[in-house]
Amino acid sequence: MVIKRGHWAIPTAPLVLVLLAATGCTSTPDAPAKPTGTPAASGASATTVARVCDEPAAGPSQAPPGAVTVDPAVVGDLTAKTKSSPPGTTFWLRPGTHRLEPERYAQVMAKEGNTYLGAPGAVLDGRKTNNYAFSGTAPGVTIRYLTVQGFVAPHDEGVVNHDMADGWKIEHATIQYNSGAGLMGGARQQLRASCLRGNGQYGMNAYKTGDTIKSLVVEGNEIVGNNTDDWEKQQPGCGCTGGIKFWAVNGADIRGNWVHDNRGAGLWADNNNNDFRIEDNVLEANDGAALMYETSYNAVIRNNTIRRNNWVEGRKHAADGDTFPYATVYVSEAGGEPRVTARTDKIEIYRNLLEDNWSGITLWENANRFCNSPANTSTGYCTLLVKDTHRCAQPSIAVAPLYADCRWKTQRVDIHGNRFVLDASVVKCTVACGLMAVLSNYGTYPDWSPYKGKRVADALILKQQNRWHDNVYRGPWTFVVDDPDRKLDSVQWQGPPYRQDSGSTFGSQAGG
């Protein structure tokens, strides 16, 4: 979400594997324009990802034994047969376009353990009339080999698994050209080898009303061209867009995906997420950051190829005279916390290739954003260390332990073994790009805040164990510390008092 942070307005702050090759996504008459991302497998991470939108796996050409056959010629046949069949039934949707009744709330209310299989060419089309495709709270539903398109879910709502049920498996599916989110999240949900393309808000909204999503798997998917309705333009500062948005997810494996050409961020983890592994993905040509990890905890980000991100938003801010270091990997009030159980107690960013992005990695902490502060845009939420929001008030917040525990801290971030490559002639930038940064604003608000002045900035930069080391830089990189206008060269960055990037190498040419 875009909010004022000090003197700057910045965004706040988520198989069939094939070697990457040049590709786009096939357009349809009602589809958005074909994306321009062109992946490649060169670079330090040698990443492979799924290319599934143009090469979807085919479903069974005949009904499996015991399956109920669904006829596309009968409007509402899928809904009626789901209602009349017991839980645990397998449904086989014949080739053709399947339709629900022409009513806004006509939808498939799945039962526990149901399986929905699409034959080759099976499409469930909402015809821009139905809000939702698959709903209900029944757990353990499976959807495979089916295309779901043309549904019109409202803002922040989703088309598939609308009610955020647990234990769903979505595999070899194509969920495309819907309004809202193509897919909602639930605990133990598995999304594999699927295409999330051209949805109006998100490809997936991994959010569960009033609860935490535990154990989420997102593997081998293509997530492309989402946020076609450009919600940040419709609702400036909403923080409600991107390829996938994660909210309060505890335990996520995000691997082997191709996330590209989304309007806004590619992956955005926002608010009390924990224990993420983001690995072996290709994140490229997204209008905003490739990855935002915000007000969250404990993550491993490794072996990803991250290229040509943030050109649109970075160039726009530069044209407006904004000097903030808009990042490709943006860590905002997020860090490692040993007291929160996870597979790591840091945010570790390593063995990634970042090539020709607008900028690099920014570590940011808003001095005015903490639990119970009016500047906390996650209204009503506190940190994972403090259950009762109202405890974060004077006089208790001014002393230990609440002085530390009421804040989401950018701390224990370990950035190493990465390759940062920038060819300014490719990116076509001259100002406000090629930046690596660690900074905070001057604390001013609210009037009872114990974090006024440079307390947060000094801790962030020198005391919170945030460290770059043993990286490779090629191209015209500049380093920002404390203030957007404080630019350092590599010698100053490596020297006292910052002493960053020990063991790293620097070269002026991108190909060096």
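What does DSSP give for the chain in terms of the percent of beta bridges that are antiparallel, rounded to the nearest 5?
Roughly 5 percent of the DSSP beta bridges within the chain come out antiparallel.
If you plug each phi of region 262-271 into the Karplus form 6.51 cos²θ - 1.76 cosθ + 1.60 with θ = phi - 60°, what whole-Hz ³J(HN,Hα) values come out, in order, with x for Gly and Pro?
With the stated coefficients, region 262-271 comes to 8, 7, x, 6, x, 10, 9, 9, 9, 6 Hz.
Can you work out ³J(HN,Hα) from phi for every residue in region 176-191, in order, using Karplus 6.51 cos²θ - 1.76 cosθ + 1.60 and θ = phi - 60°, giving whole Hz and x for Gly and Pro?
So the Karplus estimates, Gly and Pro as x, are 8, 6, 9, 7, x, 9, x, 8, 9, x, x, 4, 6, 6, 10, 10 Hz.
Need one word for region 414-466: rounded, prolate or oblate. Basis is the Cα gyration tensor (sqrt eigenvalues a ≥ b ≥ c); a/c below 1.5 gives rounded, then a/b vs b/c decides.
Oblate shape, in that a/c is at least 1.5 and b/c is the bigger or equal ratio.
Return the aspartates and glutamates within reach of Lys316: Cα separation strictly under 12 angstrom, same-chain partners fewer than 8 residues apart disregarded; answer none if there are no such residues.
Lys316 reaches Asp287.
Calculate for the chain the 222 nm mean residue ellipticity that helices alone would give, adding -39,500 (n - 2.57) per DSSP H run of length 4 or more and normalising by residue count, nearest 500 deg cm²/dmol.
It lands at -2000 deg cm²/dmol.
Nothing charged except the Cβ atoms of Lys and Arg (+1) and of Asp and Glu (-1): what's the magnitude of the dipole of region 130-199 about its Cα centre? Round to the nearest 20 debye.
The calculated dipole for region 130-199 is roughly 280 debye.
Where in region 493-507 is the amide nitrogen less than 18 Å from a point lying 7 Å along the Cα-to-Cβ axis of Leu462?
493-501
Please list, in chain and number order, the residues 5+ apart from Leu124 or on another chain whose amide H is under 5 Å from its amide H, with Hs placed from the backbone.
Distant-sequence amide H within range of Leu124: His98, Thr147, Val148, Gln149.
Is region 106-213 rounded, prolate or oblate when judged by the Cα gyration tensor, a ≥ b ≥ c being the square roots of its eigenvalues, rounded requiring a/c under 1.5 and prolate requiring a/b larger than b/c?
Rounded is the answer for region 106-213, as its axis ratio a/c remains below 1.5.
Whole Å is fine, so just give me how far the alpha carbon centre of region 210-287 lies from that of region 436-505.
26
Multiply the residue gap between Asp211 and Asp470 by 0.36 nm, knock off their C-alpha separation, and tell me the result in nm, one decimal place.
89.3 nm
About the Cα centre, and with charges only on the beta carbon of Lys, Arg (+1) and Asp, Glu (-1), how big is the dipole of region 364-494? Nearest 20 debye, please. Spell out each step's value before the answer.
Working: 16 positive and 12 negative charges, 32 e Å.
With Lys and Arg at +1 and Asp and Glu at -1, about 160 debye.
Collect residues whose amide H, placed 1.01 Å from N in the peptide plane, falls under 5 Å from the amide H of Tyr116; neighbours closer than 5 in sequence don't count.
Under 5 Å from the amide H of Tyr116 lie the amide H atoms of Phe91, Thr142, Ile143, Arg144, each far enough along the sequence or on another chain.
What's the FRET efficiency of Lys487 with Tyr403 using the Cβ-Cβ distance as r and R₀ = 45 Å, to the nearest 0.05?
With R0 = 45 Å, the Cβ-Cβ based efficiency is 0.90.
Just how large is the dipole of the chain about the Cα centre, in debye to the nearest 20, putting +1 at every Lys and Arg Cβ and -1 at every Asp and Glu Cβ?
460
Place +1 on the Cβ of every Lys and Arg and -1 on the Cβ of every Asp and Glu in the chain, take the dipole about the Cα centre, and give the residue among Val481, Gly434, Gly503 whose Cα lies farthest towards its positive end.
So the residue furthest toward the plus end is Gly503.
Pop out the ³J(HN,Hα) list for region 283-289 in order, Karplus 6.51 cos²θ - 1.76 cosθ + 1.60 with θ = phi - 60°, rounded to Hz; leave Gly and Pro as x.
After applying 6.51 cos²θ - 1.76 cosθ + 1.60, I find 10, 8, 6, 7, 4, x, 4 Hz.
Give the relative contact order (percent, whole number) for region 250-350; include only Cα pairs under 8 Å separated by 6+ residues. Don't jump to the answer; show the numbers that get you there.
Numbers: 266 pairs, mean separation 28.3, N = 101.
Result for region 250-350 is 28 percent.
Run the reach check for Lys463 against lysines, Cα to Cα strictly under 18 Å, same-chain hits fewer than 8 apart removed. What comes back?
Cα-Cα hits under 18 Å: Lys346, Lys409, Lys452, Lys454.
Rounded to the nearest 0.05, what FRET efficiency is calculated for Gln394 and Asp156 with R0 set to 35 Å and r the Cβ-Cβ distance?
Details: r = 34 Å, r/R0 = 0.98.
That pair, Gln394 with Asp156, gives E of 0.55.
Of Cys371, Cys382, Pro395, which is farthest on the positive side of the dipole of region 323-416, counting Cα position, with +1 on Lys and Arg Cβ, -1 on Asp and Glu Cβ, and the Cα centre as origin?
Of the candidates, Pro395 comes out farthest on the positive side.
Is the C-alpha gyration tensor of region 371-512 telling us rounded, prolate or oblate? Criteria: a/c under 1.5 is rounded; beyond that, a/b larger than b/c is prolate, otherwise oblate.
prolate
On a straight-distance basis, which lysines could pair with Lys111 in a cross-link, Cα separation under 27 angstrom, same-chain partners fewer than 8 positions away excluded?
Here the lysines satisfying the reach criterion relative to Lys111 are Lys81, Lys83, Lys128, Lys169, Lys208, Lys214, Lys245.
Note the full-extension length gain between Gln234 and Val74 as 0.36 nm times their separation in residues minus their Cα-Cα distance, in nm to one decimal.
Working: separation 160, 0.36 × 160 = 57.60 nm, distance 3.83 nm.
Separation in residues times 0.36 nm, less the Cα-Cα distance, equals 53.8 nm.
The numbers here are math on the coordinates, done by the rules we state, and not lab data. The model shown is predicted, which means the values in this text are computed figures rather than measured ones. Note that we place each Cβ from the backbone using ideal geometry, even for glycine, and neighbour counts take in every protein chain shown.
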